[in-house]
Amino acid sequence: MRGPRPLGVVIKLGTSSIVDEKTHEPLLSILTSIVETAVKLRKDGHKVIIVSSGAIGVGLRRMDVEKRPKHISKLQALAAIGQCRLMSLWDGLFTHLRQPIAQILLTRSDIADRSRYLNAQRTIHELLDMGVIPIVNENDTLAVSEIKFGDNDTLSAITAAMLHADLLFLMTDVDCLYDKNPRTHPDAQPIEVVEDIGSLVADVSSAGSSLGTGGMSTKIVAARLATSAGVTTVITRSSNPGNIANIVAHIQANRSPPSHAAAKPAHNTPSCSSSSDTECATPTHDTPAATGPFRRTKTAARQTPLHTRFLPSAHPVRDRYFWILHGLRPHGTLYIDQGAYKALLDKAGLLPVGVVGVEGTFAQHEAVRLCVVDRAAIAARAAGLAAAAAAGADGVADGGVWEGAVEVGRALTNYSSAEVVRIRGRQSVEIERLLGYADSEYVAQRESISFFAGAAGVRPSRPVTPVREVVDSGRGIGRYEAEGAGCSRWE
């Protein structure tokens, strides 16, 4: 009889998990436990990736600097110093157990460039096939604010999605989420499983440490990102790394299709706690049923360490479609009508006749937001422009923000913003006459359009088929969650 299927496991460690916040000394006991856990998982057949912060924290200790500086050049210098020492620590500990490791340093520009993204993906897969444990970190020495992930929670989620991992562990200084703040409510119950992260409104009072940049809010954002790509995400306490192996074994033993409850407004606001006095079981098929989008379990049955598990999306967005959504910074916005949106859902490309407005400045093959505008807004805009023109107003332009528009996805355009302004609302046969050339009948090809999970009318994703890559797209990237000023997003 076959044993459980080996899993791909990504373990993310923040600076505060591996470096003392006051002395900046490495927490060798936790580092040693992480190493032992990772090697045990490897011996059990799992593929393990570690996303490790801590370069700046270790650099502070190396240079006897008391406080984290504010100037970017000093932070980058400390990161360069600390990264050497950090990898030396990891390598020394793993060497005791005869486990080879590798260093992978990434920036958001590496993710935004499609060819570099695929190269990173192939390299890490090759390392895993060789039995190596890759240790990933952001390249803080080179990264500036415009090309930073912002925190390694986001980096770990993108790494997990890029590698099609099964599990992402976000190690932190709290145990899990609670339905109420346990500091003020003694009857607070731990939330074991979050089935619908879109209905989760968590208390994020657990901010990042003085050494790090993350906090509970960034972990929830990372969980939303990872689960959308089909990765089960776990939040648990970093001071007990041995819990990881127990949770992995429990998930393997009790894996069953998730129920994915429908979204309902949460009547309780989950909050985070650093309390570790209580342990409870992760619900399985024979544990108490879910209530709304969360599962809460009494502490009577104690089978696994305390943690919160975010279930993956039933219809994950992967590969090129994930990269379009979360790897690129949008440079502008295309406003489309409902007819164009329906055609896109039916797998057609975006024709110029369906574009009603353009915002921002973008070049050919750059990423843009897709926002749907209802008919009433289109009619109101047309009436306003007609009235202004009739009144003899100068410089009347049909551009800028459309109020009430809803962002449903992202696209890579075949034309620049200036060109789309000239051809919007026109038939494709008119493109050559209007521009002097016609690279494509579409403003965006269907394979270069990706929708957010939960966008109205979006059906389950079909298997990804190979498409012709445009490897020079996505120049200049930023935070993937940045939204346009003119449209809200489907959640």
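For segment 78-95, which positions are open to solvent by 30 Å² or more (accessible area, probe 1.4 Å) and without any contact (Cβ under 8 Å) to a residue 40 or more places away in the chain?
Result: I81, C84, R85, S88, D91, G92, T95.
Just checking, how many residues over segment 4-54 are touching a residue at least 12 places away in the same chain (Cβ under 8 Å) and either of a type in the set (S, T, N, Q) or in a loop (DSSP other than H, G, I, E, B) (or both)?
21
Only one residue in V132, V144, V136 is modelled with pLDDT under 95 and among the β-branched types (V, I, T), so which one is that? Quick ask: steps written out before the conclusion?
Working: V132 fails: modelled with pLDDT under 95; V136 fails: modelled with pLDDT under 95.
On inspection, the qualifying residue turns out to be V144.
Going residue by residue through segment 114-121, is there one that turns out to be under 22 Å from T172 (Cβ atoms) and at pLDDT 95 or above?
No, every residue in segment 114-121 fails to be under 22 Å from T172 (Cβ atoms) and at pLDDT 95 or above.
Among the listed residues T123, T107, identify the single one that is surrounded by fewer than 18 Cβ atoms within 10 Å (Cβ to Cβ) and farther than 28 Å from A314 by Cα.
Working: T107 fails: surrounded by fewer than 18 Cβ atoms within 10 Å (Cβ to Cβ).
Residue meeting the stated conditions: T123.
From the list I34, I49, I56, which residue is in contact with a Leu (Cβ under 8 Å, 6 or more places away or on another chain), farther than 20 Å from V132 by Cβ, crowded, with 22+ Cβ neighbours inside 10 Å and β-branched (V, I, T)? Walk me through how you get there before you give the answer.
Numbers: I34 fails: farther than 20 Å from V132 by Cβ; I49 fails: farther than 20 Å from V132 by Cβ.
Answer to the selection: I56.
With L345, L351 as the choices, which residue is within 13 Å of I449 (Cα to Cα) and open to solvent by 50 Å² or more (accessible area, probe 1.4 Å)? First the steps, then the outcome.
Working: L345 fails: open to solvent by 50 Å² or more (accessible area, probe 1.4 Å).
Testing whether each residue is within 13 Å of I449 (Cα to Cα) and open to solvent by 50 Å² or more (accessible area, probe 1.4 Å) leaves just L351.
Residues to consider are R61, R68, R98; find the one that is basic (K, R), in contact (Cβ under 8 Å) with a residue 12 or more places away in the chain, assigned to a loop (DSSP other than H, G, I, E, B) and open to solvent by 30 Å² or more (accessible area, probe 1.4 Å). Break it down stepwise before answering.
Values: R61 fails: assigned to a loop (DSSP other than H, G, I, E, B); R98 fails: in contact (Cβ under 8 Å) with a residue 12 or more places away in the chain.
R68 is the lone residue from the list that is basic (K, R), in contact (Cβ under 8 Å) with a residue 12 or more places away in the chain, assigned to a loop (DSSP other than H, G, I, E, B) and open to solvent by 30 Å² or more (accessible area, probe 1.4 Å).
Determine which single condition L177 fails, assuming it passes every other condition in (1) more than 13 Å from the chain's Cα centre (by Cα); (2) modelled with pLDDT under 80; (3) surrounded by 20 or more Cβ atoms within 10 Å (Cβ to Cβ).
Only one criterion in (1) more than 13 Å from the chain's Cα centre (by Cα); (2) modelled with pLDDT under 80; (3) surrounded by 20 or more Cβ atoms within 10 Å (Cβ to Cβ) is unmet by L177, namely (2).
Within segment 78-117, can you find the residues that are closer than 20 Å to V19 by Cα, touching a helix residue (DSSP H, G or I) at 6+ places or on another chain (Cβ under 6 Å) and not β-branched (V, I, T)?
Listed by number, the residues that qualify are L78, A79, G82, Q83, R85, L86, L93, F94, Q103.
Hey, does segment 402-414 have a residue that's modelled with pLDDT under 90 and of a type in the set (D, E)?
Filtering segment 402-414 for residues modelled with pLDDT under 90 gives 402-405.
Subset that is of a type in the set (D, E): 403.
The answer is yes, given that some residue of segment 402-414 is modelled with pLDDT under 90 and of a type in the set (D, E).
Out of all the residues in segment 242-260, is one or more at pLDDT 50 or above, open to solvent by 20 Å² or more (accessible area, probe 1.4 Å) and touching a helix residue (DSSP H, G or I) at 6+ places or on another chain (Cβ under 8 Å)?
So far as segment 242-260 goes, yes, one or more of its residues are at pLDDT 50 or above, open to solvent by 20 Å² or more (accessible area, probe 1.4 Å) and touching a helix residue (DSSP H, G or I) at 6+ places or on another chain (Cβ under 8 Å).
Would you call N152 open to solvent by 10 Å² or more (accessible area, probe 1.4 Å) and modelled with pLDDT under 90? Give the derivation first.
Numbers: open to solvent by 10 Å² or more (accessible area, probe 1.4 Å): yes; modelled with pLDDT under 90: yes.
Considered against the rule, which asks whether it is open to solvent by 10 Å² or more (accessible area, probe 1.4 Å) and modelled with pLDDT under 90, N152 comes out as yes.
Any residue in segment 338-347 that is acidic (D, E), out of contact with any helix residue (DSSP H, G or I) (no Cβ under 6 Å at 6 or more places or on another chain) and under 27 Å from I431 (Cβ atoms)? Explain how you work it out, then say what you get.
First, the residues of segment 338-347 that are acidic (D, E): 346.
Restricting the remaining residues to those that are out of contact with any helix residue (DSSP H, G or I) (no Cβ under 6 Å at 6 or more places or on another chain) gives 346.
If we keep only those that are under 27 Å from I431 (Cβ atoms) as well, we get 346.
Yes: segment 338-347 contains one or more residues that are acidic (D, E), out of contact with any helix residue (DSSP H, G or I) (no Cβ under 6 Å at 6 or more places or on another chain) and under 27 Å from I431 (Cβ atoms).
Say whether the condition of being assigned to a helix (DSSP H, G or I) and touching a residue at least 12 places away in the same chain (Cβ under 8 Å) is met by at least one residue in segment 127-140.
Here is the first cut: in segment 127-140, the ones assigned to a helix (DSSP H, G or I) are 127-129.
Checking the rest, the ones that are also touching a residue at least 12 places away in the same chain (Cβ under 8 Å) come to 127-128.
Yes, there is a match, as at least one residue in segment 127-140 is assigned to a helix (DSSP H, G or I) and touching a residue at least 12 places away in the same chain (Cβ under 8 Å).
The values are calculated or read from the model by the stated rules, or taken from the named source; none is laboratory data. Keep in mind the model is a prediction, meaning the values are calculated, not measured. So basically every Cβ, Gly included, is an ideal-geometry build from the backbone, and we count neighbours across all protein chains shown. Calculation scope for accessible area: heavy atoms of the full protein, side chains included, ligands and nucleic acids excluded. Shrake-Rupley method; radii C 1.70, N 1.55, O 1.52, S 1.80 Å.
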